[in-house]
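Below is one structure; the comments refer to it alone.
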Amino acid sequence: MGIDWESTEDKLARELTKSRYRHTMGVMYTACCLAMRYGADIEQARLAGLLHDCAKCIPNKKKIDICRKKHIPVTEFEIEHPVLLHAKLGKYMAETDYGVQDPEVLSAIEWHTTGRPDMTVLEKIIYISDYIEPGRDKAPHLPEIRNLAFTDLDQCIREILEDTVSYLSRNPKAMDPMTLDAYKFYSERSSNGS
Ligand code: FE
Ligand code: FE
């Protein structure tokens, strides 16, 4: 891929707040460790981890404006919850601003917030890393989930989705339908024993 890591990191550091950049580094290194564990491509994991939140610090209104201007399809739910747009917009900016062409890296960025049914290994790695990176401390069951991340990728995804769905169901209006689809997919998969 021939990535210039130094200039990519420098550019990103200018786009993100200090705390978001620290989170990004945590996700990037966690994703690399999971790639090592599961025999995934380390460079893809590193790049997707590095860029997953590249659109996060754009003001919400501007997020919507850019999506409209660039003809990025946006759901009604995303207009109501524009913070979610940083995933889609992140994919777009990774491609246009950071020159990423690898569709697997781009889709890992696109799905890192909601998850989706039947994720690729790289998508799972980024979704999980975002949740467990060392700077995180608010989610319930973090020690178990961190352990599961390195023992059973699908079970880890299921636990995170279950906790996310139960957290969001206190305010059902805040739940992206895709998260619920992902949860159904992974919980049915476990009851089938596969
Ligand atoms: Fe994010
Ligand atoms: Fe993140």
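Which helices pass in the chain if a helix is a full DSSP H run, must span at least 20 angstrom along its long axis by Cα, and must have mean Kyte-Doolittle hydropathy not below 0.0?
Within the chain the helices that satisfy the rule are 153-168.
I want to check the label-to-label distance for Ser7 and Arg116. Put each point 7 Å from Cα in the C-beta direction and report it in nm to one decimal.
Each label point lies 7 Å from its Cα, and together they span 3.1 nm.
Give me the extension gain from Asn60 to Lys18: residue separation times 0.36 nm, minus the current Cα-Cα distance, reported in nm with one decimal.
Roughly 13.3 nm would be gained on extension.
Carbon and sulfur atoms: what percent of the 1.4 Å accessible area of the chain do they account for?
C and S atoms contribute 51 percent here.
For Ile79 and Asp137 in one chain, what is 0.36 nm times their gap in residues minus the Cα-Cα distance, to one decimal in nm?
18.0 nm
Using the heavy atoms of the protein chains and a 1.4 angstrom probe, tell me the accessible area per residue for the chain in square angstrom.
Ligands and nucleic acids excluded, the figure is 52 Å² per residue.
If I build a Gaussian network model for the chain, linking alpha-carbon pairs within less than 10 angstrom, which residue out of Thr114, Thr75, Thr179 has the largest mean-square fluctuation?
Result for the chain, Cα springs under 10 Å: Thr75 fluctuates most.
The values are calculated or read from the model by the stated rules, or taken from the named source; none is laboratory data. None of these values were measured; they are calculated from a predicted model. In this analysis, Cβ positions are derived from the backbone assuming ideal geometry, glycine residues included, and neighbour counts consider all displayed protein chains. Each accessible area value is taken on the protein alone, full model and side chains, heavy atoms only, with ligands, DNA and RNA left out. Shrake-Rupley method; radii C 1.70, N 1.55, O 1.52, S 1.80 Å.
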